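The values are calculated or read from the model by the stated rules, or taken from the named source; none is laboratory data. Just so you know, these numbers come straight off a predicted model, no measurement behind them. So basically every Cβ, Gly included, is an ideal-geometry build from the backbone, and we count neighbours across all protein chains shown. Heavy atoms of the whole protein, side chains included, go into the accessibility calculation; ligands, DNA and RNA do not. Shrake-Rupley method; radii C 1.70, N 1.55, O 1.52, S 1.80 Å.
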Amino acid sequence: MAAHASLPVPTQADTTVLGQAAQSTNSTYKILYFGLHGRGELTRTLLAYSGAKWEELPVDWPTQKEHTPFKCLPVVYETAQDGTILELAESQAIERYLANKYGLYGKNAYEAHKVEQIFSSADGVAQAFSQKIIGVAQDKRVEEANKLYVEVLPKFIAIHEAQLAKNGSNGHYIGNSATLADIKVANLIDRLLFLRPQGANEVPFSAEKTPNLWKVLEKVNSHPTMAAWKKSDRYQELNAGTKSMFKF
Ligand SMILES: N[C@@H](CCC(=O)N[C@@H](CS)C(=O)NCC(=O)O)C(=O)O
């Protein structure tokens, strides 16, 4: 059987019908993404953090590509309680959908906007990191990493430490509970710490230097289902796959 044939077949119905199925709170998920963190990281994190039931589909990209909506990954297949299969695509659209569904998107439109502010600010750093560290020749990586640590991160840190202090230094950007904002930033810090080119300066995040951001990181990573995910064999495989893909 061709590998693409093993992809779930999305239910064909209009968005009103699909939207009703999507209200299901005990859906199960299948994620299709490569064996590295990359653009699948936050989606996997959200599934793990929210305690959803999910599994990974085997990737055979050349045969699957044509069967994905945007010809790229990640794609997530959600099976709702009534059996409806919803196809979720485009990494940030998947992340927002899952965050919304699992109560991680703020309690009102303004809180959702605050979540988006932090998300967008962190994503700017994530993109600079991809372009300047992952996307450059290996012999330029240390120089580019040091520039990012000195020119970009201190500004991000000053702003985010202040915003977190304004919310009471409680390890959350908004109110008293986790949102997509906390989780996005925790993933970003994890990634910056994990992918430090050998020979580069220390990444400027620590409990002493950035106490408020560190608290966010620790709160996200110590959440029970998240901690279990980070300890899992699959997570270690993804760590190894990430380092090998980007030659770290
Ligand atoms: N805008 C898309 C971009 C996805 C994307 O570029 N995915 C890459 C992997 S990170 C991919 O599928 N590459 C394989 C290909 O393009 O054939 C998203 O955010 O989901």
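Take Phe205 and tell me if it is open to solvent by 20 Å² or more (accessible area, probe 1.4 Å), touching a residue at least 12 places away in the same chain (Cβ under 8 Å) and more than 17 Å from Val115 (Cα to Cα).
Details: open to solvent by 20 Å² or more (accessible area, probe 1.4 Å): no; touching a residue at least 12 places away in the same chain (Cβ under 8 Å): yes; more than 17 Å from Val115 (Cα to Cα): yes.
No.
Please verify whether Phe34 is open to solvent by 80 Å² or more (accessible area, probe 1.4 Å) and either within 26 Å of Phe246 (Cβ to Cβ) or part of a helix (DSSP H, G or I) (or both), treating the condition exactly as stated.
Working: open to solvent by 80 Å² or more (accessible area, probe 1.4 Å): no; either within 26 Å of Phe246 (Cβ to Cβ) or part of a helix (DSSP H, G or I) (or both): yes.
Criteria not met by Phe34.
Could you please let me know if Tyr102 is more than 16 Å from the ligand (Cβ to nearest atom) and open to solvent by 50 Å² or more (accessible area, probe 1.4 Å)? Talk me through it step by step, then tell me what you get.
Numbers: more than 16 Å from the ligand (Cβ to nearest atom): yes; open to solvent by 50 Å² or more (accessible area, probe 1.4 Å): yes.
So Tyr102 fits the description; yes.
Is it the case, given these coordinates, that Tyr77 is in contact (Cβ under 8 Å) with a residue 24 or more places away in the chain and away from the ligand (no atom under 16 Å from the Cβ)? Don't jump to the end; show me each part of the working.
Numbers: in contact (Cβ under 8 Å) with a residue 24 or more places away in the chain: yes; away from the ligand (no atom under 16 Å from the Cβ): no.
In short, no.
Would you mention how many residues in segment 21-40 are closer than 15 Å to Leu88 by Cα and out of contact with any Pro (no Cβ under 8 Å at 6 or more places or on another chain)?
Step one: list which residues in segment 21-40 are closer than 15 Å to Leu88 by Cα, which gives 21-24, 27-33, 39-40.
Checking which are out of contact with any Pro (no Cβ under 8 Å at 6 or more places or on another chain) leaves us with 21-24, 27-29.
Of the residues in that region, 7 qualify.
Does any residue in segment 208-228 that is assigned by TED's automatic domain parsing to the domain that holds Ala165 come within less than 6 Å, Cβ to Cβ, of a residue that is of a type in the set (S, T, N, Q) six or more places away or on a different chain, and which pairs are these?
Asn212/Ser169
Residues that are among the charged types (D, E, K, R) and closer than 24 Å to Asn108 by Cα: list the helices (runs of 4 or more DSSP H) wholly contained in segment 160-248 that include at least 1 such residues. Can you show your working first?
Numbers: elements: 180-194, 211-222, 224-231, 233-245.
Output list reads 180-194, 211-222.
Every residue, every condition in (1) touching a residue at least 60 places away in the same chain (Cβ under 8 Å); (2) open to solvent by less than 30 Å² (accessible area, probe 1.4 Å); (3) touching a strand residue (DSSP E or B) at 6+ places or on another chain (Cβ under 9 Å), yes or no:
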{"site": "Ile157", "(1), (2), (3)": "no, yes, no"}
{"site": "Lys166", "(1), (2), (3)": "no, no, no"}
{"site": "Ile174", "(1), (2), (3)": "yes, yes, no"}
{"site": "Ala178", "(1), (2), (3)": "yes, yes, no"}
{"site": "Ala181", "(1), (2), (3)": "yes, yes, no"}
{"site": "Val185", "(1), (2), (3)": "yes, yes, no"}
{"site": "Asp190", "(1), (2), (3)": "no, yes, no"}
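Hey, could you check segment 68-94 for residues that are of a type in the set (Val, Ile, Thr), assigned to a strand (DSSP E or B) and over 18 Å from the mean Cα position of the chain (by Cα) and say which is surrounded by the fewest Cβ atoms within 10 Å (Cβ to Cβ)?
Our first condition is that a residue be of a type in the set (Val, Ile, Thr); within segment 68-94, this holds for 68, 75-76, 79, 84-85, 94.
Among the residues that remain, those that are also assigned to a strand (DSSP E or B) are: 75-76, 79, 85.
Right, trim to over 18 Å from the mean Cα position of the chain (by Cα) and you get 79, 85.
On the way: Thr79: 19, Ile85: 17.
Filtering segment 68-94 for residues that are of a type in the set (Val, Ile, Thr), assigned to a strand (DSSP E or B) and over 18 Å from the mean Cα position of the chain (by Cα), the one surrounded by the fewest Cβ atoms within 10 Å (Cβ to Cβ) comes out as Ile85.
If I filter segment 142-153 for residues that are part of a helix (DSSP H, G or I), within 16 Å of the ligand (Cβ to nearest atom), touching a Lys or Arg at 6+ places or on another chain (Cβ under 7 Å) and open to solvent by less than 50 Å² (accessible area, probe 1.4 Å), do I get at least one hit? Show your work before the answer.
At the first step, the residues of segment 142-153 found to be part of a helix (DSSP H, G or I) are 142-153.
Within this subset, residues satisfying the condition of being within 16 Å of the ligand (Cβ to nearest atom) are none.
So far as segment 142-153 goes, no, none of its residues is part of a helix (DSSP H, G or I), within 16 Å of the ligand (Cβ to nearest atom), touching a Lys or Arg at 6+ places or on another chain (Cβ under 7 Å) and open to solvent by less than 50 Å² (accessible area, probe 1.4 Å).
Please go through segment 98-115 and give me each residue that is assigned to a helix (DSSP H, G or I), within 15 Å of the chain's Cα centre (by Cα) and touching a residue at least 40 places away in the same chain (Cβ under 8 Å), ordered by number. Even if it seems obvious, please write down each step before you answer.
Quick first cut of segment 98-115, residues assigned to a helix (DSSP H, G or I) only: 98-101, 109-115.
Add one more test, that the residue is within 15 Å of the chain's Cα centre (by Cα), and what stays is 98-100, 115.
Scanning segment 98-115 gives Leu98, Ala99, Val115.
Which residue, of Leu42, Leu47, Leu36, Leu32, is outside the structural domain of Leu195 (by TED's automatic domain parsing), within 14 Å of the ligand (Cβ to nearest atom) and within 16 Å of Ala99 (Cβ to Cβ)?
Numbers: Leu47 fails: within 14 Å of the ligand (Cβ to nearest atom); Leu36 fails: within 16 Å of Ala99 (Cβ to Cβ); Leu32 fails: within 16 Å of Ala99 (Cβ to Cβ).
Unique residue meeting the criteria: Leu42.
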